[in-house]
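First up is the structure itself, then whatever we jot down about it.
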Amino acid sequence: MTAALLEIGGLTKHFGGLAAVSNLDMTVHEGEIVGLMGPNGAGKTTVFNLITGLLRPSYGHVIFQGKEIGGKKPHVVAACGIGRTFQFAYLFPEFTVLENVIASFHLDPKCGFLEGVFNTSSYRRKEERILREASEILKLVGLEREKGVLGKNLPHGPQKLLTMARALAIKPKLLLLDEPVGGMHFDEVKHAISAIERIRAQGTTIVLVEHNMRLMRFCERIVVMNFGVKIAEGTYDEVRSHEQVMRAYFGHERVA
């Protein structure tokens with residue numbers, strides 16, 4: 001087994017008297033693709049928000065590459081190498097697809113003011129590198145032909161792919177995908193799965209929240225939550241027949 005990239009221990013988040021996440025333990029190893037699933041309201045997105053600094057844990061720890069990041073600001077977490085998408089496609093609607101990705105290189109070392117004003121050779125090299133890398137990312141997710149289209153004019157599926165592309169601009173070691181194929185039709189799901197496979201093949205570790213079981217089949221492990229508590233963990237075949245999982249999804253232990 002490869003080294004642990006992300007270690008979550010005793011992670012808990014209270015909103016008043018409600019425990020949205022309760023005593024969660026979870027480990028993600030380098031190179032893995034891990035699924036996080038559960039019924040609506042199970043706490044899955046809250047876990048992503050706790051990892052990425054949008055929420056502060058009430059208790060517990062989040063350790064990334066051996067360092068505690070629980071409670072750190074989102075930009076600090078991103079700089080550590082964690083990228084994420086959201087359930088909804090947050091884009092710059094008036095920017096082209098390519099410009100959306102370029103704008104996401106916000107953690108890239110900035111050029112000095114005078115470099116930009118005088119258009120120095122170092123400024124031009126940085127601009128050329130960002131343009132090249134943004135174009136490579138669009139090819140990776142299958143949007144190279146749409147690079148000149150405005151974000152607002154993309155159909156739903158390509159918009160979701162563009163959010164992946166934007167998350168990849170920070171060169172994440174760990175990519176958190178929150179319902180990456182939500183709302184997509186069959187062909188769009190197929191293209192998204194291919195994009196995720198290519199991203200993973202490049203060495204990016206992935207944790208994904210998803211209800212689409214076609215995508216969950218690609219996970220080495222799946223962690224299942226219900227009412228903020230982990231109720232099962234294992235392979236796809238193991239969790240789909242787990243009694244607590246059956247009760248959480250269908251209200252009974254086994255499906256006839």
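For the range 167-178, check the following and say yes or no: at least one residue is modelled with pLDDT of 95 or more, part of a helix (DSSP H, G or I) and either crowded, with 16+ Cβ neighbours inside 10 Å or within 16 Å of the chain's Cα centre (by Cα) (or both).
Yes, some residue in the range 167-178 is modelled with pLDDT of 95 or more, part of a helix (DSSP H, G or I) and either crowded, with 16+ Cβ neighbours inside 10 Å or within 16 Å of the chain's Cα centre (by Cα) (or both).
Does the range 18-28 contain any residue that is at pLDDT 95 or above, within 15 Å of the chain's Cα centre (by Cα) and either under 21 Å from VAL223 (Cβ atoms) or surrounded by 20 or more Cβ atoms within 10 Å (Cβ to Cβ) (or both)?
Looking for residues that are at pLDDT 95 or above, within 15 Å of the chain's Cα centre (by Cα) and either under 21 Å from VAL223 (Cβ atoms) or surrounded by 20 or more Cβ atoms within 10 Å (Cβ to Cβ) (or both), one finds at least one in the range 18-28, hence yes.
Any idea which of GLU238, GLU220, GLU243, GLU188 is touching a residue at least 40 places away in the same chain (Cβ under 8 Å) and either buried (at least 19 other Cβ atoms within 10 Å of the Cβ) or not aliphatic (A, V, I, L, M) (or both)?
Step by step, each of GLU238, GLU220, GLU243, GLU188 is checked, and only GLU220 is touching a residue at least 40 places away in the same chain (Cβ under 8 Å) and either buried (at least 19 other Cβ atoms within 10 Å of the Cβ) or not aliphatic (A, V, I, L, M) (or both).
Among GLU238, GLU233, GLU188, which is part of a strand (DSSP E or B), over 15 Å from the mean Cα position of the chain (by Cα) and not hydrophobic (A, V, I, L, M, F, W, C)?
Criteria check complete, one pass: GLU233.
Can you work out which of the residues in the range 194-215 that are part of a helix (DSSP H, G or I) and buried (at least 18 other Cβ atoms within 10 Å of the Cβ) is modelled with the lowest pLDDT? Steps first, please.
The initial filter retains those residues of the range 194-215 that are part of a helix (DSSP H, G or I), namely 194-201, 213-215.
Filter again for buried (at least 18 other Cβ atoms within 10 Å of the Cβ), leaving 195-196, 199, 215.
On the way: ALA195: 96, ILE196: 96, ILE199: 96, LEU215: 89.
It comes out as LEU215.
Condition (residue is under 22 Å from GLY31 (Cα atoms) and surrounded by 20 or more Cβ atoms within 10 Å (Cβ to Cβ)) applied to the range 148-161: is it met by at least one residue?
Step one: of the range 148-161, the residues under 22 Å from GLY31 (Cα atoms) are 161.
If we keep only those that are surrounded by 20 or more Cβ atoms within 10 Å (Cβ to Cβ) as well, we get 161.
Yes, the range 148-161 contains at least one residue that is under 22 Å from GLY31 (Cα atoms) and surrounded by 20 or more Cβ atoms within 10 Å (Cβ to Cβ).
Just a yes or no: is a residue in the range 52-74 assigned to a helix (DSSP H, G or I), under 18 Å from THR204 (Cβ atoms), of a type outside the set (Asp, Glu) and modelled with pLDDT of 95 or more?
Yes.
As an exercise: evaluate ASN40 against (1) at pLDDT below 95; (2) crowded, with 20+ Cβ neighbours inside 10 Å and give the number of the one condition it does not meet.
Evaluating ASN40 over (1) at pLDDT below 95; (2) crowded, with 20+ Cβ neighbours inside 10 Å leaves (2) as the failure.
What number of residues within the range 6-35 satisfy the criterion of being outside any strand (DSSP E or B) and of a type in the set (Lys, Arg)?
Looking only at that region, the number is 0.
The values are calculated or read from the model by the stated rules, or taken from the named source; none is laboratory data. Values in this document were obtained by computation on a predicted structure and should not be read as measured data. Don't worry about glycine lacking a Cβ; one is built from the backbone with ideal geometry, like all the others, and counts go over all protein chains shown.
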